[in-house]
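Some notes on the structure that comes next.
The values are calculated or read from the model by the stated rules, or taken from the named source; none is laboratory data. What you are looking at is a predicted structure, and each value in this text was computed from that prediction instead of being measured. Because the Cβ atoms are built from the backbone with ideal geometry, glycine has one as well, and the counts that use them run over all protein chains shown. Just the protein is used for accessible areas: all its heavy atoms, side chains included, with ligands, DNA and RNA removed. Shrake-Rupley method; radii C 1.70, N 1.55, O 1.52, S 1.80 Å.
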Amino acid sequence: MHYLPLTPQDEEKILHRLGVGSFNELVDKIIPPELQFQGQIGLPPAASEIETRKILHKLAIANCNTNDYISFLGAGVYDHYIPAIIDSIISRSEFYTAYTPYQAEVSQGTLQTIFEYQSAICELTGMEVANASMYDGGSALAEACHMACAIKERKNVLLSELIHPFYQKVVRTYLKECGIEIVPIPHKDGLTDLERLEDLIDDHTAGVAIQHPNFYGHLESVKEISEITHKNGALLISVVDPLSLGIIAPPGEYDADIAVGEGQGMGIAQGFGGPLLGIFATKMEFVKFMPGRIVGETIDAEGKRGFVLTLQTREQHIRREKATSNICTNEALCALSSLIYLCAMGKMGIIEVGNQCYAKSHYLYNLLKEIKWIRPVYSAEFFKEFVIETEKPAHELVNRLLEYKIFAGVPLSIFDRNNQNHLLIAVTEKRTKEEIEQFIELLSKIL
């Protein structure tokens, strides 16, 4: 709770400027007294600062959090390391706003951070241009599907069933009224079925969307998918985990046309599942179809370096028939967090994070295979997540391990009732050997 510096004298000045004698008089001018509720609304009596702090602390400690619990949760939001420098910088008043400045050119500092964020995303993904960020991975994917249809002037998008189920729902909701047909690509053995992709794609297909690593954590056959997609004149949309790109091929390397993803793992707290950060990058030839806004670098009349909003494709800024998207905002504070994260970690740090996620998840995977009542569901190669099947319903195991302060993973019955015994487990670089072995010991005990 921050101190509010408003004094009675300040309040008096404000009321005087507004031409009223009291706060109640101000309310009466805005809301007619006959429309105001005059009864008691059931709130508790006003509390002092000390009392309020106690109430909020009591509520806060009722939460289970990753400071007190060992987390193997994944499915899109992960317990990755957040360098202390991030909170220190984003807490500065110059940056502490989550919204895009409307008088952009007077906010040179904000524009510079966005420009540098865009540059970092391009370097990370191997793509040629990135926008100033989007709401989250799901909305970024929906915009990518819409963009592919605009570029190709086609109305059909193939969506792998192994893209995050929530992202798929966002896409279907987003494009429902656009007349765009969404066709699912079935999966086989934990990977997108390439034979079915060959059957489904045709000259009406604008884009093929995959997730790599996919929702089950597996590495897709991206080069083969890219060849099939481009052979049929469609665009390849790749949903990426940015923290995997230190050790697996970036989308630019396998000729993806649009790369999107969720940036939460790059320096953004898990919270209650948000706020999140949508990454969006593409090839330069498609830049005029990009949603959102792009910040560019320039020089002023005196030759000084400066930054400007270079491109905005919203109908508010250009002719309606030329607009490609209604979205205009970006997640500026989250984008800044990710920029600081990338700068703090450096190229070698991103590789190290990827290597540790890979090594530790495979260490746990191999230990789990030795437990009698557990078996891996798939054998495909994975990055940091995998699916196991247990004798008991997965949600029962999750609840039992909560008693030992362990988040065991995400029961896949949340997404599909047929998968009652399937558990999705993620291992980040934060997990220690001791934590992994404690997890194994407790899991063996309760099965």
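For every residue, the table says whether it meets (1) over 20 Å from the mean Cα position of the chain (by Cα); (2) of a type in the set (Ser, Thr, Tyr); (3) closer than 20 Å to Ala150 by Cα.
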position	(1), (2), (3)
Val222	yes, no, no
Ile225	yes, no, no
Lys231	yes, no, yes
Glu253	yes, no, no
Ala259	no, no, yes
Gly265	no, no, no
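Go through the range 61-81 and give me each residue that's charged (D, E, K, R) and open to solvent by 20 Å² or more (accessible area, probe 1.4 Å).
Asp68
Do we have any residue at all in the range 77-86 that's touching a Lys or Arg at 6+ places or on another chain (Cβ under 6 Å), touching a residue at least 40 places away in the same chain (Cβ under 8 Å), under 29 Å from Val295 (Cα atoms) and part of a loop (DSSP other than H, G, I, E, B)?
Yes, some residue in the range 77-86 is touching a Lys or Arg at 6+ places or on another chain (Cβ under 6 Å), touching a residue at least 40 places away in the same chain (Cβ under 8 Å), under 29 Å from Val295 (Cα atoms) and part of a loop (DSSP other than H, G, I, E, B).
Just to be sure, is Thr173 in contact with a strand residue (DSSP E or B) (Cβ under 6 Å, 6 or more places away or on another chain) and either of a type in the set (Ser, Thr, Tyr) or part of a loop (DSSP other than H, G, I, E, B) (or both)?
no
Do you know which of the residues in the range 288-314 that are β-branched (Val, Ile, Thr) and touching a Lys or Arg at 6+ places or on another chain (Cβ under 9 Å) is most open to solvent (accessible area, probe 1.4 Å)?
Taking the candidates together, the pick is Ile299.
Output the number of residues of the range 152-170 satisfying the condition of being closer than 18 Å to Leu235 by Cβ, open to solvent by less than 40 Å² (accessible area, probe 1.4 Å) and in a loop (DSSP other than H, G, I, E, B).
So the answer is 1.
Determine which single condition Cys357 fails, assuming it passes every other condition in (1) over 30 Å from Thr110 (Cβ atoms); (2) open to solvent by 10 Å² or more (accessible area, probe 1.4 Å); (3) in contact with a Ser or Thr (Cβ under 8 Å, 6 or more places away or on another chain); (4) assigned to a helix (DSSP H, G or I).
(2)
Can you confirm whether Ile340 is open to solvent by 50 Å² or more (accessible area, probe 1.4 Å), within 20 Å of the chain's Cα centre (by Cα) and not polar (S, T, N, Q)?
So Ile340 does not fit the description; no.
With respect to the numbered conditions (1) part of a loop (DSSP other than H, G, I, E, B); (2) touching a Ser or Thr at 6+ places or on another chain (Cβ under 6 Å), which one is the sole condition not fulfilled by Ala301?
Result: Ala301 fails condition (2) only.
Run down Cys149, Cys145, Cys122 and say which single residue is more than 18 Å from the chain's Cα centre (by Cα) and in a helix (DSSP H, G or I).
Going through Cys149, Cys145, Cys122 in turn, just one is more than 18 Å from the chain's Cα centre (by Cα) and in a helix (DSSP H, G or I): Cys149.
Mind checking which residues of the range 19-43 are open to solvent by 100 Å² or more (accessible area, probe 1.4 Å) and either at positive phi or of a type outside the set (S, T, N, Q) (or both)?
Passing the criteria: Phe23, Lys29, Ile30, Glu34, Leu35, Phe37, Ile41, Leu43.
Six or more apart or on different chains, Cβ under 6 Å: which pairs go from a residue in the range 18-39 that's closer than 22 Å to Pro8 by Cβ to one that's open to solvent by less than 50 Å² (accessible area, probe 1.4 Å) and not in a helix (DSSP H, G or I)? Could you list them?
Leu26/Val20
Please work out which residue is farthest from Thr298 (Cα to Cα), limiting yourself to the range 115-129 and to residues that are of a type in the set (Ser, Thr, Tyr) and in contact (Cβ under 8 Å) with a residue 12 or more places away in the chain. Talk me through it step by step, then tell me what you get.
Residues of the range 115-129 of a type in the set (Ser, Thr, Tyr): 117, 119, 125.
Remaining after also requiring in contact (Cβ under 8 Å) with a residue 12 or more places away in the chain: 117, 125.
Values: Tyr117: 16, Thr125: 24 Å.
Selected residue: Thr125.
Confirm whether Arg417 is in a strand (DSSP E or B) and open to solvent by 30 Å² or more (accessible area, probe 1.4 Å).
no
Which condition from (1) open to solvent by 10 Å² or more (accessible area, probe 1.4 Å); (2) touching a residue at least 24 places away in the same chain (Cβ under 8 Å); (3) within 26 Å of Tyr358 (Cβ to Cβ) is the one that Ala394 breaks?
Every listed condition holds for Ala394 apart from (1).
Could you tell me which residue of the range 92-107 is modelled with the lowest pLDDT, considering only residues that are over 21 Å from the mean Cα position of the chain (by Cα) and either open to solvent by 70 Å² or more (accessible area, probe 1.4 Å) or of a type in the set (Ser, Thr, Tyr) (or both)?
Tyr102
I need the full set of residues from the range 139-151 which are touching a residue at least 40 places away in the same chain (Cβ under 8 Å) and under 18 Å from Ile210 (Cα atoms), in order please.
Start the filter on the range 139-151 by keeping residues that are touching a residue at least 40 places away in the same chain (Cβ under 8 Å), which leaves 139-141, 143-151.
Listed by number, the residues that qualify are Ser139, Ala140, Leu141, Glu143, Ala144, Cys145, His146, Met147, Ala148, Cys149.
Could you list all residues from the range 175-192 that are surrounded by fewer than 19 Cβ atoms within 10 Å (Cβ to Cβ), within 10 Å of Cys145 (Cβ to Cβ) and modelled with pLDDT under 95? Break it down into steps so the answer makes sense when it comes.
Pass one, the range 175-192, residues surrounded by fewer than 19 Cβ atoms within 10 Å (Cβ to Cβ): 176-179, 181-184, 186, 188-189.
Keeping just the survivors that are within 10 Å of Cys145 (Cβ to Cβ) gives 178, 182.
The answer is Cys178, and nothing else.
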